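Have a look at the structure below, then the notes.
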Amino acid sequence: MSDTRGPATVWTRTLFLWMVALAIALFGVLAPATWLPLLSLLATGLFIATAGPRATLRDARPLAWHAPVLLLGMLIVNGRVDWALALEISVRFMLTAMPIFWLHRLTAPTHLLTLFERVLPFRLRLILLFALRIWPLLLRDMRDILLVARLSGTWPARLRDVRPRHFVHAPGRIMMPLGVRAIRLSDDMARSLEARGLDQL
Amino acid sequence: MGDKALAEAQPLTAELTVPGELTLVAGPTGTGKTTLLSRALRDWRAAHPARWPGAVLLGQNPATQLVGETVEEEVAFALVAAQMPDAEIARRTARALATFGLDDRAKARTDALSMGWKCRTLLGALHALEPDALFLDEPYAQLDDTGRRRLDAAITEWLGQGRAVVVSAAEALETVGGLPSGRTRLLHAETGLRPEPDLVAGFCEKWPDHAPDTPTGSAVELLSFTAGYEDTSAVLRDIDLVLPPGSISVVSGANGCGKSTLLRAVAGDMPALSGTRRILGHDMAGAGNLPRETALVLQDPELHLTGRTVRGEIEVASAIPKPGAETCLRIFGLSQFAEQAALNLSHGQKQALVLACAVASMPRLLLLDEAFCGLDASAMASILSALRRIVHRTGLTVIAVTHDPQGPVPDFADRHLRMSNGKLIDV
Ligand SMILES: Nc1ncnc2c1ncn2[C@@H]1O[C@H](COP(=O)(O)OP(=O)(O)O)[C@@H](O)[C@H]1O
Ligand SMILES: [Mg+2]
């Protein structure tokens, strides 16, 4: 199967990936203190450069979800929010999550299947593929679930209208459907591949 | 479903698949068609262990089965995974795309397709595998006329090549699509839906008296309205739609013409590119505003489920105390499933449940996206009649969309509109 995004972009991507690897190595040796923030900046910059700002915003939105969880968790455990720590955790989180989005942006699913042919066994490649495919699908479904929640008044139409009472119903009416959906999606996708005989390969 | 359906299935699966013959598995929703088909697939594979892929199955919900990013990729996916030679992959993909009319959309993103086109894409993926036996679970349910004809032609071709085809449907028809079904297996079960429309009167007494605060007098008012998704050009073009409160309107049109998009726009999900939008008397120019007291039933009922029992789902969704929710369950024929996990219901039963939840939230505007797909004729007739009565008693406004202009859904409406290429025409 030909790569749907053209050979030229594949080369630029490969170049970018090598640049990142080089930069990580350089910073690790030269300036251990600035290593983390600089690396995250670089990663984000490259991501935006390859995927485009709009797509970045759309894809990276779930990354922001950890913020309320984090702050709430700190409030409950420590009784106050440690902003420096929150920032550090956020940066680490973004750093670990970014490659997933990146990989997904850069490689078509079928390409991915053939890409790691020599390194990973078939099943593992399929699992990797699932992990990448499920994000955009969940994102789309989240839109629908949020729309239904907003219509029913469970969640306000505008973010600035969020009140504490909204958090009472949000777990049951937004998080639960989303969790159910995630499990359902992976289950159905696996079943769909099984139904096409991929489990027998 | 479950044990009984399985026990019934065992002797059946062997004789379901006859090379070169079409078998129809028919029965009302919830009788175990899906269970029977997946069991038959497993049995077939156990009997023919050396063949690949041998038998394949199309599941009922097209939305959750797509793994490829583009249509072309989806069709080729299993072939690539099986490491077929590139030329062979290209040949099979091209043929599958042509068979289901997907050529124009080969590069389209699968998650931006409408439901009917997702179904066609999955059928194309099965076609490319050139299997010996095909099990298709209600493949016609989501397809419009052209889609159906494509599938009929494909089935004829498969049969001509000596493949066995098993198709399930909610109705025992003489023909499946346009084809005579040589063999029919009827599933009878006492587990179907039994709606009770007569309970509507008592239920509606609890309905709140909505003050008529719509100054213009219309529930929905779209004038020269144009809208679309973020990354596409306008999908809805120049829509003029004015609906009085207490009316039932049905919009029919081919797969992908923009019906679901229209409902989203009425629900305030997408910003207007031009024109005006007034819903229930509120002006909603931008996207941030959403109409209150509106319920939207999405095309994929599973998106509404929260992992509770049937009773739990309706209690969470309803604006009424428990006895009212119970009545609502009975109106939609779900009371005998009340303690079951909603996610384990059949597709049609999920549809009924999601409808019941929407009604129990007592909205003033109800938007139904193919909400009657997968319901058998008798259940659909009773549910439509129940909805009619609710509308008459409460002044609820309903917009329902369907891809099937011949079916019973348009008959239930006061007004029937057709949609074609993002434009609305009165019938
Ligand atoms: N999330 C989306 N992003 C971009 N385009 C979409 C999206 N959903 C649907 N479309 C496009 O909008 C058009 C109308 O789709 P839809 O309203 O789902 O059709 P239907 O009439 O079958 O309900 C189609 O061309 C479809 O490809
Ligand atoms: Mg639709």
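Descriptive notes on the structure:
- Amide H contacts under 5 Å for B:LEU424, placed H, 5+ residues apart: B:ASP240
- Here the average projected area of the convex hull drawn through the C-alpha atoms of region A:141-192 stands at 3.6 nm².
- Karplus-based coupling profile of region B:114-122, in residue order and whole Hz: 7, 4, x, 6, 4, 4, 4, 4, 5, with θ = phi - 60° in 6.51 cos²θ - 1.76 cosθ + 1.60 and x standing for Gly or Pro.
- Shape box of region B:321-364 [Cα atoms, principal axes, largest first, Å]: 28, 20, 14
- Most to least accessible of B:TYR140, B:TYR229 (protein chains only, probe 1.4 Å): B:TYR229, B:TYR140
- Extension gain for the segment B:ALA381 to B:ILE425, taken as residue separation times 0.36 nm less the Cα-Cα distance, is 13.2 nm to one decimal.
- Close amide H pairs (under 5 Å, H built 1.01 Å from N) link B:VAL220 with B:LEU243, B:LEU280, residues at least 5 positions away or on another chain.
- For B:ALA87 and B:SER233, the FRET efficiency from 1/(1 + (r/R0)^6), where r spans their Cβ atoms and R0 equals 25 Å, is about 0.10.
- Anchor B:LYS107: aspartates and glutamates whose Cα lies under 17 Å away (excluding residues fewer than 8 positions away in-chain): A:ASP3, B:GLU69, B:GLU72, B:GLU73, B:GLU74, B:ASP231
- Region B:72-78 - phi-based ³J(HN,Hα) in whole Hz, Karplus 6.51/-1.76/1.60, Gly and Pro as x: 4, 5, 4, 5, 8, 3, 5
- 10 Å Cβ neighbours from other chains, averaged over peptide A:142-152: 6
- For region B:22-117, the fraction of C-alpha pairs more than 20 angstrom apart is 51%.
- Take each residue in A:154-162, count the other chain C-beta atoms within 10 Å of its C-beta, and the mean is 2.
- Ellipsoid semi-axes in whole angstrom, largest first, where each is sqrt(5λ) of the Cα gyration tensor of region B:256-329: 30, 16, 9
- Over chain B, the Kirkwood radius and the radius of gyration, each from Cα atoms, give a ratio Rg/Rh of 0.98.
- For region B:281-376, the average shadow cast by the Cα convex hull is 6.7 nm², which is a quarter of the hull's surface.
- Mean residue ellipticity (222 nm) of chain B, computed from DSSP H runs ≥ 4 via -39,500 (n - 2.57), nearest 500: -11000 deg cm²/dmol
- Highest-MSF residue in chain B out of B:LEU79, B:LEU303, B:LEU16 [GNM, Cα springs under 10 Å]: B:LEU303
- Candidate lysines for bridging to B:LYS322, where Cα separation is under 27 Å - those fewer than 8 sequence places away on the same chain excluded: B:LYS206, B:LYS350
- Qualifying aspartates and glutamates (Cα of each under 16 Å from Cα of B:LYS259; at least 8 residues distant if same chain): A:ASP144, B:ASP144, B:ASP145, B:ASP238, B:ASP240, B:ASP269, B:ASP300, B:ASP369, B:GLU370, B:ASP404, B:ASP426
The values are calculated or read from the model by the stated rules, or taken from the named source; none is laboratory data. Source: prediction; values computed, not measured. Backbone-built Cβ (ideal geometry, glycine too); neighbour counts: all protein chains shown. For accessibility, only protein heavy atoms count, side chains too; no ligands or nucleic acids. Shrake-Rupley method; radii C 1.70, N 1.55, O 1.52, S 1.80 Å.
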